[in-house]
1. Being touching a residue at least 40 places away in the same chain (Cβ under 8 Å), under 21 Å from Lys4 (Cβ atoms) and out of contact with any Leu (no Cβ under 8 Å at 6 or more places or on another chain) is true for just one of Lys55, Lys69, Lys62. Which residue is that?
2. For the stretch 62-82, which positions are touching a strand residue (DSSP E or B) at 6+ places or on another chain (Cβ under 9 Å) and either surrounded by 13 or more Cβ atoms within 10 Å (Cβ to Cβ) or among the aromatic types (Phe, Trp, Tyr) (or both)?
3. Has the stretch 75-92 got any residue that is in contact with a Lys or Arg (Cβ under 8 Å, 6 or more places away or on another chain) and assigned to a helix (DSSP H, G or I)?
4. Take the stretch 23-34 and flag every residue that is at pLDDT 95 or above, surrounded by fewer than 18 Cβ atoms within 10 Å (Cβ to Cβ) and either in contact with a helix residue (DSSP H, G or I) (Cβ under 7 Å, 6 or more places away or on another chain) or not β-branched (Val, Ile, Thr) (or both).
5. Is it the case that some residue within the stretch 32-51 is in a loop (DSSP other than H, G, I, E, B) and over 15 Å from the mean Cα position of the chain (by Cα)?
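The values are calculated or read from the model by the stated rules, or taken from the named source; none is laboratory data. Computed from a predicted model, the values in this text were never measured in an experiment. For neighbour counting, all protein chains shown are included, and Cβ atoms are generated from backbone atoms with ideal geometry for every residue, glycine included.
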Amino acid sequence: MIIKKTDANHKEIMDGCRMVPSLSVFSTHMVGKGFPDIVIGYKGINYLVEIKDGKKMKSQKKLTDDEIKFHGSWNGQIIVAENLDDILRMLKIIL
């Protein structure tokens, strides 16, 4: 059995999203094969979010080969976020 690890800020971002009444969030980090870490629902649209730990060095935050392949082939919304503010900014939500 392969255990998929999450970034150190995964739980913090999930918890933050759950505090925003207009968002729904689901962790998908176990899917693997480059699929983003969480899915956010907002105003009838699903957003795929790849979480990267903003406290790590830039070289440690690079997308993996699987992530690059998935992002390049996906025809929907995908963002890379280091924190809740990145997500709120992308969705144009002001708290």
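1. Lys55
2. Leu63, Glu67, Phe70, His71, Trp74, Gln77, Ile78, Ile79, Val80, Ala81, Glu82
3. No, the stretch 75-92 contains no residue that is in contact with a Lys or Arg (Cβ under 8 Å, 6 or more places away or on another chain) and assigned to a helix (DSSP H, G or I).
4. Across the stretch 23-34, the qualifying residues are Ser24, Phe26, Ser27.
5. yes
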